[in-house]
């Protein structure tokens with residue numbers, strides 16, 4: 001029986017581990033925190049799982065919160081003009097996304113992994129440990145997207161455009177939101193404030209039940225970038241409410257009486273989007289393979305993080321099983337990543353575009369959604385499959401051709 005070690009217990013690591021168990025592999029997952037420590041810890045993300053990646057979990061019995069998690073069937077944009085009045089305001093069909101707090105999801109998967117016969121080891125892992133593990137396992141996969149282990153994987157300068165964070169992020173989970181009349185309670189909505197950033201609201205599921213989530217993406221140094229040094233969660237929430245009142249007043253009444261779900265449900269910080277090379281070579285000559293956020297880290301604005309991780313886990317599982325008893329050598333690792341990158345590159349390109357100032361043809365495209373549902377649906381569908389953006393988003397000629405095709409011009 002082939003022995004596989006996965007370091008990291010997030011979306012990609014646990015999804016891959018549980019899939020490998022189902023195929024009869026001897027799988028060990030190493031992580032720094034117990035399930036209970038994760039449940040009691042701080043919120044880590046605003047994970048949006050798109051319909052196609054939720055579908056990847058179901059065949060393995062991993063969609064454990066289907067009945068409890070509020071679905072997100074629609075999503076859209078509001079963009080104000082210079083006077084603060086919305087000039088773009090529409091919704092499109094998203095098809096049933098969902099957001100499950102990783103403090104709920106990852107411990108649930110860890111418990112399931114152990115129930116199904118997996119070996120869960122709770123212990124910090126250093127680079128020197130990985131060196132030893134590569135000599136004692138058939139394959140070592142690093143799925144821990146933060147900390148020392150990421151340094152084993154070199155930055156790919158050709159694929160990485162940024163060296164600094166393009167947004168400063170702040171997050172809050174809360175109960176008690178009311179519906180926005182023209183949006184409803186089940187939509188993901190992006191308030192894109194020119195020059196300032198984005199205020200994104202959507203329903204989710206947390207430890208205390210159904211909730212709503214705000215992800216605030218601040219242009220560094222701009223008027224939304226005000227959370228440095230804020231430690232008190234209630235102060236964090238008060239500031240966030242005030243920013244919504246000032247920059248997205250149409251959403252303020254929704255949250256004015258809302259309350260945080262728990263003391264650990266706020267988060268602030270920032271990171272630089274990056275693409276890394278997939279193989280780490282250890283001093284002994286052993287090789288470790290990266291996966292998910294270790295290799296491709298997008299800004300959350302594009303909604304690709306958890307989805308990239310899920311797609312990577314699905315692809316890696318198929319490739320490992322198909323490889324049989326052959327050695328997991330450098331050539332195999334590079335070819336596997338190249339296959340993954342062929343899909344992930346579209347999300348990176350989309351994320352990079354969103355983080356910049358939208359050119360005139362994209363402004364025209366977004367405005368056309370006000371009167372043409374086909375435009376809205378195409379944009380939101382492409383969030384689930386970013387390759388579709390190549391057909392109408394990046395080049396003015398393709399944008400105009402698309403708008404003519406759907407009768408928007």
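The values are calculated or read from the model by the stated rules, or taken from the named source; none is laboratory data. Remember, it's a predicted structure, so these values are computed and weren't measured experimentally. Cβ atoms come from the backbone with ideal geometry, glycine included; neighbour counts cover every protein chain shown.
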By residue number, the members of the range 139-164 that are closer than 21 Å to residue 102 by Cβ and surrounded by 15 or more Cβ atoms within 10 Å (Cβ to Cβ) are 141, 142, 143, 144, 145, 149, 150
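Residue by residue, here is whether (1) closer than 18 Å to residue 306 by Cα; (2) exposed (fewer than 15 other Cβ atoms within 10 Å of the Cβ) holds:
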residue: 24; (1), (2): no, yes
residue: 61; (1), (2): yes, yes
residue: 64; (1), (2): yes, no
residue: 108; (1), (2): yes, no
Qualifying positions in the range 57-105 - in contact (Cβ under 8 Å) with a residue 60 or more places away in the chain, under 20 Å from the mean Cα position of the chain (by Cα) and assigned to a loop (DSSP other than H, G, I, E, B)
65, 69, 70, 71, 99, 101
Every residue in the range 187-208 that is under 22 Å from the mean Cα position of the chain (by Cα) and surrounded by fewer than 16 Cβ atoms within 10 Å (Cβ to Cβ), please.
208
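Taking the range 110-128 as the region of interest, how many residues are in a helix (DSSP H, G or I), at pLDDT below 95 and surrounded by 19 or more Cβ atoms within 10 Å (Cβ to Cβ)? Lay out the reasoning, then the answer.
First pass over the range 110-128, keeping only residues in a helix (DSSP H, G or I): 110-115, 127-128.
Still in the running and at pLDDT below 95: 127-128.
Now drop any that are not surrounded by 19 or more Cβ atoms within 10 Å (Cβ to Cβ), which leaves none.
Qualifying residue count, the range 110-128: 0.
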If you scan the range 217-252, which residues turn out to be within 19 Å of residue 80 (Cβ to Cβ) and within 22 Å of the chain's Cα centre (by Cα)?
217, 218, 219, 224, 225, 240
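Here's the yes/no breakdown for (1) in a helix (DSSP H, G or I); (2) under 20 Å from the mean Cα position of the chain (by Cα); (3) assigned by TED's automatic domain parsing to the domain that holds residue 297; (4) under 13 Å from residue 307 (Cα atoms):
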position: 30; (1), (2), (3), (4): no, no, yes, no
position: 33; (1), (2), (3), (4): no, no, yes, no
position: 42; (1), (2), (3), (4): no, yes, yes, no
position: 47; (1), (2), (3), (4): no, yes, yes, yes
Just for helices (runs of 4 or more DSSP H) wholly inside the range 323-409: which have at least 3 residues that are crowded, with 20+ Cβ neighbours inside 10 Å?
330-354, 373-384
Considering only the range 129-207, give the strands (runs of 3 or more DSSP E) lying wholly within it that have at least 2 residues that are assigned by TED's automatic domain parsing to the domain that holds residue 87.
168-175, 187-193, 197-206
